[in-house]
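The values are calculated or read from the model by the stated rules, or taken from the named source; none is laboratory data. Source: prediction; values computed, not measured. With ideal geometry, Cβ positions are generated from the backbone for all residues, glycine too; neighbour counts draw on all protein chains shown. Areas reflect the complete protein model, heavy atoms only, side chains present, ligands, DNA and RNA absent. Shrake-Rupley method; radii C 1.70, N 1.55, O 1.52, S 1.80 Å.
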Amino acid sequence: MAYRATLKDVAAAAGVSVTTVSLVLNNRPARVSEEKRRVIADAAKKLNYVPNQSARSLVTKQSQLVALIVPDIENLFFAAFAKCVEDECAAQGYSLIVANSDDSRATEHELLQRLPARGVDGVMLIPARESCVGDAVGRLREDVALVSCPVVLIDRLTQCGWCDAVGFDNYLGGRLAAQYLLEGGHTRIGIVTGDIAELSAAERRRGFVDAIEQSGKHFDSALCAEGDYRFGSGYRAADQIIDGGATAVFCCNDVMALGFRQRMAERGLRVTEDMQVIGYDNILKRFGLGWRMTTVEQSVTDLAAACWDMLRGRIDVSVHTKSGMDSVAARPWLSDPQVEVLTPKLVQAACS
């Protein structure tokens, strides 16, 4: 096994005390000249010194490790979001654990017990669909209340106000899609929703329907198909909506829009010429897809930055009050939660 340099080795090479090396390398206040700081930094680099994170955690009361729980890592939106969160964390010296709940309440429950036990400084959670319906919301709240570190909810449940949360205005997103299609002269407009038992999906549908009806047009519920944010559900919904006489459709994520367009192509129909299709998320371009798709954008970059800023702020405060974390009142993410709602925007393709 290769020898691992210690603080003592760096101190000997730099000709200073171990305490001085520790203060300088941890960016803590110390009466050390800039020249001596450079000597210490050069010695650490030459010796390939890597801090012992376990020992450092005992001093700082931080593991520099956070967790992100997503419902479906194969979903392109969640995959891209995880990458953006990791970039945000790494920029401030944190490492990220990504865990997949498979949209399962039971798996999520287990993860909310297991990950904090590993000493993470904070948890970012996109709740499972099963946790967003009925009595399961209460059980999720109980799980979160037992987590000993800060928690930020993401994307789903952002309007409940019982825990720190960041998400987009889904109602506005649905309105933007409908308004664009109405301005294009469409009167029979279909929609492929997510699971409308879950709040964000229901809000997108509500905003969409309200915009149509407030324009004086009638929304035909026969042109509404429930999907699951996967390619197959967009594909399967296409026949119902096309045969219902729709001239345009709003698919509540880009992947379902791809499925819908695939079925259109099989039926010999062309996007725009025969039927307008709008997606949601604006995520496909990150993967080299969907360049010719009009969509409502939820910026994963903005979402990741907002979530990390909120969580990092709570972590910095909680480090100094860990001894008093036994009560909900001592956990501001529960007793005085912050809710940040971001604004989606319509992104129109040059040739959609």
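For the chain, what is the per residue volume of the convex hull drawn over the alpha-carbon atoms, in cubic angstrom?
Cα convex hull per residue, to the nearest whole number: 175 Å³.
Pull up the cross-link candidates among the aspartates and glutamates for K83, meaning alpha carbon to alpha carbon under 15 Å and not fewer than 8 places away within one chain.
Straight-distance partners of K83: D72, E74, D302.
At most 14 other Cβ atoms within 10 Å plus a DSSP loop assignment makes a site exposed; report the longest stretch of the chain without any exposed GluC sites (Glu not before Pro).
Of all site-free stretches, the longest is 75-272.
Within the accessible area of region 164-265, what % is carbon and sulfur when the probe is 1.4 Å and the other protein chains stay in place?
48
Collect residues whose amide H, placed 1.01 Å from N in the peptide plane, falls under 5 Å from the amide H of V249; neighbours closer than 5 in sequence don't count.
G190, Q276, V277, I278
If you count only protein heavy atoms with a 1.4 Å probe, what accessible area per residue comes out for region 171-253, rounded to a whole Å²?
Accessible surface, normalised per residue, equals 39 Å².
Taking 0.36 nm per residue of separation and subtracting the Cα-Cα distance, what length does fully extending S215 through D239 add?
Contour length minus the Cα-Cα distance gives 6.0 nm.
When the helices in the chain are scored as -39500 (n - 2.57) per DSSP H run of 4 or longer and the sum is shared across all residues, what 222 nm value do you end up with, to the nearest 500 deg cm²/dmol?
That comes out to -14000 deg cm²/dmol.
Mind checking the dipole of the chain: about its Cα centre, +1 per Lys or Arg Cβ, -1 per Asp or Glu Cβ, Debye to the nearest 20?
So the magnitude is around 1460 debye.
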